[in-house]
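A quick write-up on the structure given underneath.
The values are calculated or read from the model by the stated rules, or taken from the named source; none is laboratory data. Computed from a prediction, not measured in an experiment: that's the story for all the values here. Positions of Cβ are backbone-derived with ideal geometry, glycine not excepted, and every protein chain shown enters the neighbour counts. The accessibility values were calculated without ligands, DNA or RNA, using every heavy atom of the protein model including side chains. Shrake-Rupley method; radii C 1.70, N 1.55, O 1.52, S 1.80 Å.
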Amino acid sequence: MSKKVSQNQVERLLDLVPYLTSNQGVALEQVASDFHTDKSTIIDDLNTLWMCGLPGYTPLELIDLSFDTGFVTIRNAEVLSKPRKFSSLELATVIVGLHILRESIHSENPHFDLISTLLERLSSSSSVAIPQSIQSNVNAEIRSACARAVREKQNLSIRYHSYTNDLEIEREVFPFDLQIIDNHEYLESFCYQSNAARIFRLDRIKRAELLGASEFVPDNINTSESMRTFRFIVQSESRKVAETLQVDVPTDHSSRSELEASAFNDEWIVRSICSLNGAATLTAPQILRDQIKERAEKALALYA
Amino acid sequence: MSRKSERLVNLVIALLATRRSLTKAEIFRTIEGYEGSDESMERMFERDKDELRSLGVAIEVTGLDPLFDDEQGYRIKPENFVMDSKGFSAPEIAYMSLAAQLWKNASLSEPSQRALRKLSGITHSIDIGDLPAIAPLMLSAPNFLNEIIDAISERKTIEFSYLDSELQVNKRKINVYTYFARQSFWYLTGFDVDKQDLRTFRCDRIVGEIEISKKSHSYQIPQGWQNEKSVQELPENSRATLRVRIGRGSQLRNIAHTVEQEGEHDLITISYASEIDLVTLILWHLDDVEVLAPESLRLKVRASLRSLVSVHV
């Protein structure tokens, strides 16, 4: 995924001078890594820079570089020694990044106001398109409690909304790590009630309380859950079906052919098909078809 | 390659250091690397100027002598070249660096790494400590986010293929006004040139690349466009009363205005904008939720349940 930083030598040379000026004595390897290139490219750059300077181009005017020890020092480069202005796209990455950063911390965090002030100043001094709003679905306080528990190896007491079973449960967990899976944030943990590894989605944690350092540090056990395969037919609104069931629906589904998918949880399959309101019909397994029928009948009885 | 780089860097240094503008003749005479006939030096200089401009280096052209307007001078004003780094405190530099760093391996990786490089040229760097090291919103950002930002900043019309509700691909032509992130999705809003109306698009439903027209300033963003009716979120002016089993329906309780206990159930009221979305949410809860009012919603849910039963018999 990582894109290569564009390798325009002039641009790199212009950025190298201020970088070297404020990092005197930096190792060649470090320069190469900071500029996302290899050591020989940097040496080539330095050899080029060496020939640059003010008109006249005597040793008095030329940039003075020393790097034969493997560490770089620079002198006589005052004209270029200050960092260049951001391009508008570079400024945009900083501004959008700051918005996201601010959204991920709690508004009482002392960094919050400092970042807001900085954002205001950056945005007002440029015409770059800034985002209208950035909203995360995770409560910043919950996130920071979980992060702290992971860092300090503390047990956590959480109130969790189990989405599939539509139940709020209390759990005591030992946290392993925070993870991002399919754009959602998760807490990987050992759950004392289940005596097994469990994963919790951060936006469904309603309350998180630190319980102090854990005496018992469980191993990170990988439990493999079994998957249930199911089959269905798309009747309409194929985009909604694809997004709800998290499957690829071929665009020529008009043939009403049967499609197959799998999920960890029967309850999730039943509820998802019901919530699709006829856009998809479950065809197999029969046991889940029966469940849908029985439970829809039970709900229907409320309206009798 | 490096001879040319050398010449360009020398040109930048000379134009930055000079207190008055330099004429072409002075440039060709004093700056190392300009060689050959007058014509070829002219061509070289034009290409050099273009290349530096493309790197964001603004060369200012001025008339030197009011009596002879053909004699032009060139210089780079330091205030147009150098970042106003004194204006930033040490924590601010650190925030900006972290903000740029967070894009690593995400959509804006390339320009953010360049920004980071520039920030590393400012002396002071401090540890700001307890801030997140991962940002899921960045991971979900579309890989064409830089193009959206460029299109809005430069007022360039864009075209893309969009999946409709039946997964059919439609070509859309949009004058983009803004972009935003909500939950874990990114959106763009703009004026749909063919439909002559404002529309919002979810970025992950865009197929393939975005095409940006070359022409900039091809539209204006009207002031106060956010107030237009078609952009506002649908007003949540419909009210529903639901009977929800105690301990269940957390998603509905989250949006409830009032909750009133009634035996083994709670009566809750909620506001909603889209009936279709609410029916979806109610059906998810099966027999834990019953619609009491309005009657139209009650009938819709009942009909949906009937058809669910009939197709799964």
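Points worth noting:
- Other residues whose C-beta falls under 14 angstrom from the C-beta of residue A:84 contribute a net charge of +3, scoring Lys and Arg +1 and Asp and Glu -1.
- Extension gain, residue B:193 to residue B:79, is 37.1 nm, computed as 0.36 nm per intervening residue step minus the present C-alpha separation.
- Degrees between helix A:286-301 axis and first principal axis of chain A (Cα, 0 to 90, nearest 10): 70 degrees
- Taking label positions 7 Å along the Cα-Cβ direction at both residue B:170 and residue B:89, the computed distance is 4.9 nm, reported to one decimal.
- What segment B:2-81 shows is 55 Å² of accessible area per residue, with the surface traced by a 1.4 Å probe over protein heavy atoms.
- Kyte-Doolittle mean at least -1.0, axial Cα span of 20 Å or more - DSSP H helices of chain B: B:2-17, B:295-311
- Cβ neighbours within 10 Å from other chains - mean over A:149-157: 0
- Surface share of carbon and sulfur [accessible, 1.4 angstrom probe, percent] for segment A:228-301: 44 percent
- Charge dipole of segment B:1-110 about the Cα centre (unit charges at C-beta), most positive-ward option of B:102, B:81, B:15: B:102
- Shielding by partners for peptide B:172-182, expressed as the average number of C-beta atoms from other protein chains within 10 Å of each residue's C-beta, is 3.
- Segment B:158-313 - accessible surface per residue (Å², probe 1.4 Å): 53 Å²
- Within 10 Å of the Cβ of each residue in A:126-133, the mean number of Cβ atoms contributed by other protein chains is 6.
- Each part gets one Cα centre, and for segment B:156-195 versus segment A:248-304 those centres are 31 Å apart.
- Among B:4, B:195, the sequence by solvent-accessible area, most first, with a 1.4 Å probe is B:195, B:4.
- Anisotropy class of segment B:145-227 from Cα gyration tensor, a/c 1.5 cut: rounded
- Rounded to the nearest 500, the helix-only mean residue ellipticity at 222 nm of chain B stands at -10500 deg cm²/dmol, with each DSSP H run of n ≥ 4 adding -39,500 (n - 2.57).
- With a threshold of 29 Å on the Cα-Cα distance, the over-threshold entries among B:49/B:118; A:240/B:300; A:85/B:215; B:195/B:300; B:171/B:214; B:49/B:173 are B:195/B:300; B:49/B:173.
- Considering only A:147, A:105, A:127, and ranking their Cα positions along the charge dipole of segment A:103-148 that arises from unit charges at the beta-carbon of Lys, Arg, Asp and Glu, the one farthest toward the positive end is A:147.
- Overall form of segment B:188-227 per C-alpha gyration tensor (a/c, 1.5; a/b vs b/c): oblate
- Each Cα pair under 8 Å and six or more residues apart adds its separation to the average, and for chain B the resulting relative contact order is 9 percent.
- FRET E, pair residue B:54, residue B:313, Förster distance 51 Å, beta-carbon r, rounded to 0.05: 0.15
- Per-residue SASA entry for residue A:161, accessible area with 1.4 Å probe, Å² rounded to 10: 10 Å²
- Max mean-square fluctuation residue, GNM over chain A, Cα-Cα springs under 10 Å, options A:134, A:269, A:74: A:74
- Efficiency of FRET from Cβ geometry, residue B:47 and residue A:58, R₀ 45 Å, rounded to 0.05: 0.95
- Pairwise centroid distance, computed over Cα atoms, of segment A:135-163 with segment A:1-72, Å: 44 Å
- Estimated 222 nm signal from helices in chain A, with DSSP H stretches of n ≥ 4 weighted -39500 (n - 2.57), rounded to 500: -11500 deg cm²/dmol
- Two-site label geometry, residue B:159 and residue A:266: point separation in nm, points 7 Å out along Cα→Cβ: 5.3 nm
- Segment B:2-81 shape via C-alpha gyration tensor axes, a/c threshold 1.5: oblate
- Computed E for residue B:259/residue B:214 - FRET, C-beta separation, R0 41 angstrom, nearest 0.05: 0.10
- Label-to-label distance, residue A:112 versus residue B:62, with points set 7 angstrom from Cα along the beta-carbon direction: 4.9 nm.
- Each Lys and Arg contributes +1 and each Asp and Glu -1, all at the Cβ; summed about the Cα centre of chain A, the dipole is approximately 660 debye.
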